[in-house]
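The values are calculated or read from the model by the stated rules, or taken from the named source; none is laboratory data. Fair warning: this is a prediction, and the values are worked out from it, not measured in the lab. Cβ coordinates were reconstructed from backbone atoms using ideal geometry, including for glycine residues, and neighbour counts include every protein chain displayed. With ligands, DNA and RNA removed, areas are computed over all heavy atoms of the protein, side chains included. Shrake-Rupley method; radii C 1.70, N 1.55, O 1.52, S 1.80 Å.
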Protein chains: 2
Amino acid sequence: MIDANLPFEAQESEWISGEGPTHDIVVSSRIRLARNIAGFPFVNRATEQERREIVSLIAQKSPKWAGGMVFIDLNTVSSLDRHLLLERHLISAGHMRGTRPRGVAVGADQSLSVMVNEEDHLRLQMLRPGEQLRQVFEGINKVDDEVEAEIDYSFSNRFGYLTACPTNVGTGIRVSVMLHLPALRLCGEIDKVRRAARDMQLALRGFHGEGSEATGDFYQLSNQTTLGKTEEEILDTFVEVVIPSVVEYEKSARNSLMNKRRGYLEDQVWRAWGLLTSARLISTTEALQLLSLVRLGLNLDLLSHVDEAAVNALLLQCQPAHLQFIVGRQMGQGERAVARATLIRERLGA
Amino acid sequence: MIDANLPFEAQESEWISGEGPTHDIVVSSRIRLARNIAGFPFVNRATEQERREIVSLIAQKSPKWAGGMVFIDLNTVSSLDRHLLLERHLISAGHMRGTRPRGVAVGADQSLSVMVNEEDHLRLQMLRPGEQLRQVFEGINKVDDEVEAEIDYSFSNRFGYLTACPTNVGTGIRVSVMLHLPALRLCGEIDKVRRAARDMQLALRGFHGEGSEATGDFYQLSNQTTLGKTEEEILDTFVEVVIPSVVEYEKSARNSLMNKRRGYLEDQVWRAWGLLTSARLISTTEALQLLSLVRLGLNLDLLSHVDEAAVNALLLQCQPAHLQFIVGRQMGQGERAVARATLIRERLGA
């Protein structure tokens, strides 16, 4: 059902299930570099033939990069496969939905991917669990150097890396973190983060990036412009100012709940547990919302008998494509609601 | 804390916890007789002194009625005691809230009570679990005869028993059943019952009668006028037409859910179970609503591991006065929400 070259079954997605620094609040760190290949028009102006040439080029080169990547032609795999890639954050929603020649190269541990013919010819991205932006920066730069050794990037001495969208021109870097902010939501203070993000010219987005809802209290926070700043400046701001502030907001909301509204908090967490282990029908959105509260309960030691790894893994497994992949067949929405509830009860040992 | 003459602690309230014919849908059967004492003005026109005389009269006579009743002067017992009597349906909400001389005589097994100086001088009522209207009719008539042998009732040869409110004049009888109609609510068909009730000049009321909400899908269905009909006619209509129709509506809704929306039904029932056994804060209204769904699940064999007696007992125990009585102290609303959730988890063995 899934491309046999992608060892999805054997492997959890480390960035969401794994542990990392400040992992209770900073779920994952991601850096994406937008790159274009000299001699080709930008994707939106490229012909079908030119797009195919780019896909072929990367399909041929990528297996040697980063210790061996797997290239996936998105036009030949199934819709379910494309959804799986999206749910693992290896491709974007736009890339999943596209129809023209495009693909993605995926690194062995799934922390690295190179989208081909998304908005830019190449979008290199690396994802790691917890707050590991500096490590990710180092990692993605190494890959970027490897790629650049074989591919001639579009580069202007005046502007830097040329990109299809002006907001990416310059360094072409997007730094982002996936944050888990359940206490801020329970305290009704998410708007505080939203305002702070806007003031710092950052974007606060949902679980699956641009245009997606904040599901289960998971938010992606990323920089919006890259021109006029060095990569290091952008990174430093994130690591030294942005992340510590948001982590502090969330921690303070958690403390406030623990000290002043502990009964309410425990009730919310336990109700989530009760519903997850009892429901017979459950949507992705509700499952993520309830898992989010259980995750909070675990982080605050309000639940002790719960398998944390199972909860984190379910954040991925309860999503439609993963669910169908695990069950082993395509299902409509109603059937998925039953299968999801069953899977959750099984995995939580209820 | 509770009047020592009332053996509440030792005894469950049989009408709600006990078994009876069609008990899954007809929770209990009740008949109430409105009677007034000749030689006294109706309660609303009686002086304080006259009311006191009536209270004294019944306090003196009632211990010999129905094999021995306990008389409670509602002006001398605590507010919690009055609430306990209300929750057991031994007095009405209006009687609980009153301030002028009034009381209630309660039969040994709590199926019988005589309210004194409620709307009428005497309101005799008998309550039994399940559909037992004819047995209740027989029982209350026996008590009525006993009382009439000692008390001179206001009676007109033309109109029958004279009562404070014209709707009760005649037989002074109110026949009512407490119905559990969760499937009709889940199917959105409660209005069907409401319309049918209106067409038959019946009143459909909430858990605690007049002016109360339908909590936990429990409804009281009763006749509205008594003039121009014999007691037997009223009773026959109830036993042969009204109850069988409503039971049929509810059964058909249950069948429809079981056959066409079983997944939805199981989900509702199991979610209720999950919340009851997990919540740390719970209101009376929510508890009754969830217990109602679990009760439905038990009746339809969707839940097997659940103690049905515990569920039925909790319908009473989760109410504010009973809860405080069980815990052994007065509590504010917030504290009750915690105590209620704890009690429910304990009693359901969670």
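Numerical summary
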read-out: Subset of region A:16-49 (residues that are under 23 Å from A:Glu146 (Cα atoms) and either open to solvent by less than 30 Å² (accessible area, probe 1.4 Å) or out of contact with any helix residue (DSSP H, G or I) (no Cβ under 8 Å at 6 or more places or on another chain) (or both)); value: A:Ser29, A:Ile31, A:Arg32, A:Leu33, A:Ala34, A:Arg35, A:Asn36, A:Ile37, A:Ala38, A:Gly39, A:Phe42, A:Val43
read-out: Selection count where residues are open to solvent by 50 Å² or more (accessible area, probe 1.4 Å) and in a loop (DSSP other than H, G, I, E, B), scope region B:54-83; value: 2
read-out: Hits in region B:273-282 (condition: under 11 Å from B:Ile344 (Cβ atoms) and either open to solvent by less than 10 Å² (accessible area, probe 1.4 Å) or more than 7 Å from chain A (Cβ to nearest Cβ) (or both)); value: B:Leu276, B:Ser278, B:Ala279, B:Ile282
read-out: Among (1) within 14 Å of another protein chain (Cβ to nearest Cβ); (2) crowded, with 21+ Cβ neighbours inside 10 Å; (3) among the hydroxyl-bearing types (Ser, Thr, Tyr), the one test that A:Tyr249 misses; value: (1)
read-out: Meets criteria (at pLDDT 95 or above and small (Gly, Ala, Ser)) for A:Ala339; value: yes
read-out: Breaking point among (1) more than 14 Å from chain A (Cβ to nearest Cβ); (2) at pLDDT below 95; (3) open to solvent by less than 60 Å² (accessible area, probe 1.4 Å), for B:Val241; value: (3)
read-out: Unmet criterion (only one of (1) over 19 Å from B:Leu315 (Cα atoms); (2) aliphatic (A, V, I, L, M); (3) touching a Phe, Trp or Tyr at 6+ places or on another chain (Cβ under 6 Å)) for B:Leu127; value: (1)
read-out: Options A:Val114, A:Val147, A:Val193: the member that is at pLDDT 95 or above, over 19 Å from the mean Cα position of the chain (by Cα) and buried (at least 20 other Cβ atoms within 10 Å of the Cβ); value: A:Val147
read-out: Filter pass, A:Gly263 being open to solvent by 10 Å² or more (accessible area, probe 1.4 Å) and within 12 Å of chain B (Cβ to nearest Cβ); value: yes
read-out: Which listed residue, of A:Leu288, A:Leu315, A:Leu293, is in contact (Cβ under 8 Å) with a residue 24 or more places away in the chain, within 12 Å of another protein chain (Cβ to nearest Cβ) and in contact with a helix residue (DSSP H, G or I) (Cβ under 6 Å, 6 or more places away or on another chain); value: A:Leu293
read-out: Members of region A:318-342 found to be open to solvent by less than 10 Å² (accessible area, probe 1.4 Å) and either in contact with a Ser or Thr (Cβ under 6 Å, 6 or more places away or on another chain) or without any contact (Cβ under 8 Å) to a residue 40 or more places away in the chain (or both), listed by number; value: A:Cys318, A:Gln319, A:Leu323
read-out: Extreme residue, modelled with the lowest pLDDT, among residues of region A:1-41 that are part of a loop (DSSP other than H, G, I, E, B), out of contact with any Ser or Thr (no Cβ under 6 Å at 6 or more places or on another chain) and of a type in the set (A, V, I, L, M, F, W, C); value: A:Ala10
read-out: Candidates A:Arg97, A:Arg102, A:Arg82, A:Arg88 - the one that is assigned by TED's automatic domain parsing to the domain that holds A:Asn141, at pLDDT 95 or above and basic (Lys, Arg); value: A:Arg102
read-out: Failed criterion for A:Thr215 (all others in (1) modelled with pLDDT of 95 or more; (2) crowded, with 18+ Cβ neighbours inside 10 Å; (3) more than 14 Å from chain B (Cβ to nearest Cβ); (4) closer than 25 Å to B:Leu275 by Cα hold); value: (1)
